[in-house]
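Worksheet: one structure, shown below.
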Amino acid sequence: MPLSHEGHHHDRLESEAEFFDRSYATDVRAGASRFYSVTISSERHYRQSVLEHVRGKTVLEYGCGTGSSAFEIARLGGRVVGVDISPVAIEKAREQAAQEGLSDRVEFLVMDAEELSFDDASFDIVAGSGILHHLDLERGYDEIARLLTPRGVAVFFEPLGHNPLINWYRNRTPHMRTPDEHPLLMSDLKRAGGSFSSVEVSFYHLFSLAIVPLRSTPLFKPLYALTEGIDRVVMTIIPPLRAWAWCAVIELRK
């Protein structure tokens, strides 16, 4: 007999929690770290979008892992709540908050990102890196919209799922990811329009991925600037190629 929707939801959450507990304890994704040498521009965009106006704001870090941006947000004057499905990650984040003397500005909780216990309009900013593609997006989008204040913004840094070469690598390394994760498709980005009045997406890293093997050489910096420039021009002139980018920064407003 097929699992009910709620039964599948429970099993998926349990599988995700087990994977990330193991990941934070053993770093099973270490082999993919070399590719992040080219995410300088996209990560800068994400960080600037999140950190620019955090002073005096209430921020939810959605899928916070071991703390991610929470500590920097707190140091800049924001009040932060971080949620994650992994108890191991939350325990590590709490330990770091205590070590840095930030426990009065940062709270970390184990929660299901698709069904949070906060009141409506609780947060000015919701932010997350690599979290949406682990969720049932309809539930996730609706929950994020529910939690945002009327003038709030949600900012996410996410992988995309159209590029055949990137997908070939993903298929060759299943131990680095959970069975239910799904790098976002253009249809997933369009679906956000059902929960938000404004959806802005910036696409990153197409040709720049080719220079990953040169990341430890003197050629990397100039070639990075060149290939990132090529990416911007090509994806502006030929919009369909945006789907083949590796990453996107997504800004959502109610």
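The values are calculated or read from the model by the stated rules, or taken from the named source; none is laboratory data. Since the model is a prediction, treat every value here as computed from it, not as a measurement. Please note: Cβ atoms are built from the backbone with ideal geometry, for glycine as well, and neighbour counts cover all protein chains shown.
Some notes on this structure:
- Among residues of region 36-58 being among the small types (Gly, Ala, Ser) and touching a residue at least 40 places away in the same chain (Cβ under 8 Å), the one that is farthest from residue 157 (Cα to Cα) is 37.
- Selection from region 171-215 of residues that are aromatic (Phe, Trp, Tyr) and in contact with a Cys (Cβ under 7 Å, 6 or more places away or on another chain): 204
- Answer residue from region 139-157, given it is closer than 19 Å to residue 178 by Cβ and modelled with pLDDT of 95 or more and is surrounded by the fewest Cβ atoms within 10 Å (Cβ to Cβ) among those: 157
- Condition broken by residue 84, with the remaining ones in (1) surrounded by 24 or more Cβ atoms within 10 Å (Cβ to Cβ); (2) modelled with pLDDT of 95 or more satisfied: (2)
- Residue check, residue 182 under 18 Å from the mean Cα position of the chain (by Cα), modelled with pLDDT under 95 and either surrounded by 11 or more Cβ atoms within 10 Å (Cβ to Cβ) or not in a helix (DSSP H, G or I) (or both): yes
- Subset of region 189-206 that is crowded, with 19+ Cβ neighbours inside 10 Å and either without any contact (Cβ under 8 Å) to a residue 60 or more places away in the chain or over 16 Å from the mean Cα position of the chain (by Cα) (or both) - its residue that is nearest to residue 42 (Cα to Cα): 203
- When 136, 119, 112 are checked against the criterion of being exposed (fewer than 15 other Cβ atoms within 10 Å of the Cβ) and more than 26 Å from residue 48 (Cβ to Cβ), a single residue qualifies: 119.
- Region 200-253, subset in a helix (DSSP H, G or I) and touching a Lys or Arg at 6+ places or on another chain (Cβ under 8 Å), residue farthest from residue 141 (Cα to Cα): 212
- Subset of region 210-242 [in contact with a strand residue (DSSP E or B) (Cβ under 9 Å, 6 or more places away or on another chain) and either surrounded by 18 or more Cβ atoms within 10 Å (Cβ to Cβ) or at pLDDT below 95 (or both)]: 228, 231, 235, 242
- Inspection of region 165-176 finds no residue satisfying the criterion of being among the aliphatic types (A, V, I, L, M), over 24 Å from residue 51 (Cβ atoms), outside any helix (DSSP H, G or I) and within 17 Å of the chain's Cα centre (by Cα).
- Checking each residue in region 92-109 for being more than 25 Å from residue 149 (Cβ to Cβ) and surrounded by 15 or more Cβ atoms within 10 Å (Cβ to Cβ) picks out 92, 94, 96.
- Region 232-254 residues that are without any contact (Cβ under 8 Å) to a residue 12 or more places away in the chain, paired with ones that are surrounded by 15 or more Cβ atoms within 10 Å (Cβ to Cβ) and outside any helix (DSSP H, G or I) (beta carbon under 7 Å, 6 or more apart): none
- Residue in region 182-193 that is in contact with an Asp or Glu (Cβ under 9 Å, 6 or more places away or on another chain) and among the basic types (Lys, Arg) present: yes
- Complete set of residues in region 185-199 that are assigned to a loop (DSSP other than H, G, I, E, B) and either β-branched (Val, Ile, Thr) or closer than 27 Å to residue 55 by Cα (or both): 195, 196, 197
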